[in-house]
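Data block below; observations after.
What follows draws every value from the coordinates through simple rules; no lab data is involved. Worth saying up front: this structure is predicted, and the values here are computed from it rather than measured. Cβ placement follows ideal geometry from the backbone for every residue including glycine, while neighbour counts extend to all protein chains displayed.
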2 protein chains.
Amino acid sequence: MRFTSQTSSDGVTEQLFALGDIPGVLWTPEGAAGTRPLILMGHGGGRHKKEPDMVVRARRLVTECGFAVAAVDVPGHGERPMDERYDRIATENQARVEAGEEPAPLIAAFHALVARRTVPEWRAVLDAVQEVESVGAGPVGYWGVSLGCGLGVPFVAEEPRVRAAVLGLGGASASAGAAARITVPVEFLLQWDDERVPRAQGLALFDALGSAEKTLHANPGKHGEIPAFELDSTLRFFTRHLC
Amino acid sequence: MRFTSQTSSDGVTEQLFALGDIPGVLWTPEGAAGTRPLILMGHGGGRHKKEPDMVVRARRLVTECGFAVAAVDVPGHGERPMDERYDRIATENQARVEAGEEPAPLIAAFHALVARRTVPEWRAVLDAVQEVESVGAGPVGYWGVSLGCGLGVPFVAEEPRVRAAVLGLGGASASAGAAARITVPVEFLLQWDDERVPRAQGLALFDALGSAEKTLHANPGKHGEIPAFELDSTLRFFTRHLC
C-alpha cells in the first residue's frame, strides 16, 4: 500500500492511498497511535469514496468514536478507469428499464457481477489497512447502502473479521443467499417509498439475514432520503458492537 | 387528583394518585420544580401501571432525561375492579382463538372497545398531572405497545398536546383509521416473529400512520421480546422531539 497524500483538519487525518490499482482513503484521529476499531465503507452506485456524505460519516466515526475509517473506489467509479464491460451492462440495463422492465432484478444481477471482483479487493484492502500502526488488527465494521449493500452483503458473509454491519437500500433478489450466511449484528436501513428497491424486496433481504441480532430501521422517503438521525444511530450501533 | 403516597429513591420521586376511580402513578426527578416534558405510558394487556418494565422505563426517563412520567391502570387491570363485560369478551375471545379463529381481529375489536373509555380518561389524567407544579404544561409524549398501542393510537390521534409517540406491537385492523390522523413523529416497534400480531398487520399499521416523520424499528423475536437497546432509542427519540 502506497500513501500518496496526508492532510489533517479538525482532529481528523485523511490519507489517500493506492493498493495496486485500487485508490483508497483512510481517515484516523489526528495523532492516533495503536489499534482501534476500523469501519470499511462502500459507496453508492455512480458515486465514489470521497463523496460528501461519505466524508461526513467518516469524520463523525473518527471524532466521536475514535475509529479508523477506510473506503475505496469500486471498479468503474471515482478515480478508477471506466470499465467497458460494466458500462455496456449499465447502458443496456438503462434501456431495458426505459422499455418497461423492472429495475430491481437488473440492479441485483449487476451488483452480483461486480461483487465477484470487489470482495477479494476489499479483503486485500483490509489486510493492508490493518498493517497501518494507527489502525491495527482491531474489530472491523462495514457500512454500505444501495450499491454498498449489494457489494457489502457478499463481503460481510465471506469476511470473518467483520463483526457488525450497517446495510440497506438493497433487495433480496441478488443477495438473499449470501445474506443467509451473515451471522454478525446488522442494522438495516430501508426507505419506505424507495423508487428503486421495491419495499417487499427490502423487507425480504432483512428477513433473509442469518444474524440473531438484526434491526430494521425503516423511514418514509425515497432511495436517497435516509434521515440524518440514522447517522446518529449508526455511530451508536458500531460503538455498541465494536468497543 | 388525590395523592395517596410518596416515596423517593435514587433520584426518583414516585407518587401514587387517584383521579376519581382511576389509580395512577407519577414519577418525577427528586426535588424537581417547574415545568418539564411529560411522558404518559400505557401498559400491556393483563399488566398494570407499575409492572417492572414500566418502572425501569420511567426511572430512566426521569434520571437520564429529567422528564416526568405518568401511568394509570386500564379498566379491569391493576388496582381497578374486574370489569364483567371486558372479562366476558376476553373469555369468549380466548375460546374463539382456541377454536381456530385468527386472534388479531379479536384483539383489535377489544382494544377499540376499551379505547372509547380510556381516551377520555387519559385526557383527564393529562389535565390533572399538568396541574402539578413539578410537571406543568410542557411538551407531552406517549409510550405504549401492544394494548398500550391499541389504546394509544386513538389517544395520540385525538390529543393535540402529544407531540411524539413510541408505539408498536399493534396491527392495522383496529387502528388504521385513527393512525391516519396521527401527524406527530412516531417511533414504531415491531417484533419480526410476533406470534400475536401478524407481520403484515404491523407493517400496515406503520404504513397507515399519517406522520411525515415516522421510523420503524423491527427486531427478531416474539411479541414480548423487544431488545433492551430499544429503550436507549426511546430515550433519544423523546429527547429529540420534546427537549
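For A:LEU106, which of the numbered conditions (1) surrounded by 14 or more Cβ atoms within 10 Å (Cβ to Cβ); (2) within 30 Å of A:LEU16 (Cβ to Cβ); (3) free of Cβ contacts under 8 Å to residues at least 40 places away in the same chain fails to hold?
Condition (2) is where A:LEU106 drops out.
Output the number of the condition that A:ASP127 fails; it satisfies all remaining conditions of (1) under 25 Å from A:GLY66 (Cα atoms); (2) among the acidic types (Asp, Glu); (3) within 14 Å of chain B (Cβ to nearest Cβ).
If we test A:ASP127 against (1) under 25 Å from A:GLY66 (Cα atoms); (2) among the acidic types (Asp, Glu); (3) within 14 Å of chain B (Cβ to nearest Cβ), just (3) comes out false.
Which residue pairs have Cβ atoms under 7 Å apart, sit 6 or more places apart or on different chains, and have a first residue in the stretch B:111-122 that is over 15 Å from B:GLU159 (Cβ atoms) and a second that is aliphatic (A, V, I, L, M)?
Hits for this filter: B:HIS111/B:LEU147; B:HIS111/B:LEU151; B:HIS111/B:ALA174; B:ALA112/B:ALA174; B:VAL114/B:VAL74; B:VAL114/B:LEU151.
What single numbered condition from (1) of a type in the set (Asp, Glu); (2) within 12 Å of another protein chain (Cβ to nearest Cβ); (3) more than 14 Å from B:TYR142 (Cβ to Cβ) fails to hold for B:ASP194?
Going through the list (1) of a type in the set (Asp, Glu); (2) within 12 Å of another protein chain (Cβ to nearest Cβ); (3) more than 14 Å from B:TYR142 (Cβ to Cβ), B:ASP194 breaks only (2).
Filter the helices (runs of 4 or more DSSP H) completely within the stretch A:20-134 down to those with at least 2 residues that are under 20 Å from the mean Cα position of the chain (by Cα), closer than 25 Å to A:ALA178 by Cα and among the small types (Gly, Ala, Ser).
Correct list: A:103-129.
Among the residues of the stretch A:1-58, write down those that are under 22 Å from A:ASP232 (Cβ atoms), loosely packed, with under 12 Cβ neighbours inside 10 Å and of a type in the set (Asp, Glu).
A:ASP10
Would you check if A:VAL72 is free of Cβ contacts under 8 Å to residues at least 60 places away in the same chain, touching a helix residue (DSSP H, G or I) at 6+ places or on another chain (Cβ under 8 Å) and under 17 Å from A:TYR142 (Cβ atoms)?
Yes: the conditions hold for A:VAL72.
Considering B:LYS214, B:LYS222, which residue is among the basic types (Lys, Arg) and more than 11 Å from chain A (Cβ to nearest Cβ)?
Going through B:LYS214, B:LYS222 in turn, the sole match is B:LYS222.
Scan the stretch A:145-197 for residues that are in contact (Cβ under 8 Å) with a residue 60 or more places away in the chain and among the charged types (D, E, K, R) and jot them down.
Once the filter is applied, which keeps residues that are in contact (Cβ under 8 Å) with a residue 60 or more places away in the chain and among the charged types (D, E, K, R), the stretch A:145-197 yields A:ARG163, A:ARG196.
Considering only the stretch B:168-185, I want to know if a residue exists there that is more than 20 Å from B:ALA109 (Cβ to Cβ) and within 12 Å of another protein chain (Cβ to nearest Cβ).
yes
Is it the case, given these coordinates, that A:ALA218 is buried (at least 23 other Cβ atoms within 10 Å of the Cβ) and part of a helix (DSSP H, G or I)?
no
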